[in-house]
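Structure provided below as structure tokens; questions to follow.
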Amino acid sequence: MGKVAIIMGSKSDLPVMQGAIDILKDFKIEIEVDIISAHRTPELMMEFGKQAHHRGIDVIIAGAGGAAHLPGMVASLTPLPVIGVPVKSSNSIDGWDSILSILQMPNGVPVATVALNGAKNAGILAAQILGVKDQSIQEKILNYMNQLTVKVQEMRDDL
């Protein structure tokens, strides 16, 4: 089974990033969670990005608000897939600065980007990536998708 690192630029990002933590725990996927600031701890970010694949990490989810450099900078340092979560933070311009900072990566440094505050989808995407090679995770994704279908059918029935 794979391992996902969930990193964020500040503890204030944790309420948003909790969505990824929760869904990956529900899928019983091993995670590690840390605070790594691209601007305040650049050496730590560099070490993390360069070493993650050597430490058994398979996918990185990086959440950041404001200028949101963390996902892109980590992606520039690692061969692993990076999923960026733009976070609407207190210093944000309605989240657009974060969205564009993560979305507009130069050629050669891809970052998959989910919706503003979309950490739950980042967790699901990380699980889908791991599920390509792990049938047990893929089964959990299929079960989750089936539950979504059931919920919609229940809503339709209630109309």
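Exactly one condition in (1) in a loop (DSSP other than H, G, I, E, B); (2) touching a residue at least 24 places away in the same chain (Cβ under 8 Å) is false for N107; which is it?
So the condition that N107 fails would be (2).
Answer yes or no as to whether S90 is in a loop (DSSP other than H, G, I, E, B) and touching a residue at least 40 places away in the same chain (Cβ under 8 Å). Talk me through it step by step, then tell me what you get.
Values: in a loop (DSSP other than H, G, I, E, B): yes; touching a residue at least 40 places away in the same chain (Cβ under 8 Å): yes.
It is true that S90 is in a loop (DSSP other than H, G, I, E, B) and touching a residue at least 40 places away in the same chain (Cβ under 8 Å).
Something else: Can you tell me which residue is nearest to K140 (Cα to Cα) among those in the range 28-46 that are out of contact with any Gly (no Cβ under 8 Å at 6 or more places or on another chain) and among the aliphatic types (A, V, I, L, M)?
For the range 28-46, the residue satisfying everything is I31.
Sort through A67, A5 and tell me the only one that's modelled with pLDDT of 95 or more and either closer than 30 Å to N143 by Cα or surrounded by fewer than 23 Cβ atoms within 10 Å (Cβ to Cβ) (or both). It would help to see each step written out before you state the result.
Values: A67 fails: modelled with pLDDT of 95 or more.
Exactly one of A67, A5 is modelled with pLDDT of 95 or more and either closer than 30 Å to N143 by Cα or surrounded by fewer than 23 Cβ atoms within 10 Å (Cβ to Cβ) (or both), namely A5.
Which of the numbered conditions does L100 fail, given that it passes all the others? Conditions: (1) within 20 Å of I21 (Cα to Cα); (2) surrounded by fewer than 17 Cβ atoms within 10 Å (Cβ to Cβ); (3) not basic (K, R).
Just one mismatch for L100, condition (1).
Any residue in the range 58-72 that is of a type outside the set (A, V, I, L, M), over 15 Å from A115 (Cβ atoms) and without any contact (Cβ under 8 Å) to a residue 12 or more places away in the chain? Spell out how you get there, then give the answer.
Narrowing the range 58-72 to residues of a type outside the set (A, V, I, L, M): 58, 63, 65-66, 69, 71-72.
Now drop any that are not over 15 Å from A115 (Cβ atoms), which leaves 58, 66, 69, 72.
Checking the rest, the ones that are also without any contact (Cβ under 8 Å) to a residue 12 or more places away in the chain come to none.
No - not one qualifying residue is present in the range 58-72.
The values are calculated or read from the model by the stated rules, or taken from the named source; none is laboratory data. Here the structure is a predicted model, which means the values were calculated and not measured. We place every Cβ from the backbone using ideal geometry, glycine too, and count neighbours over all the protein chains shown.
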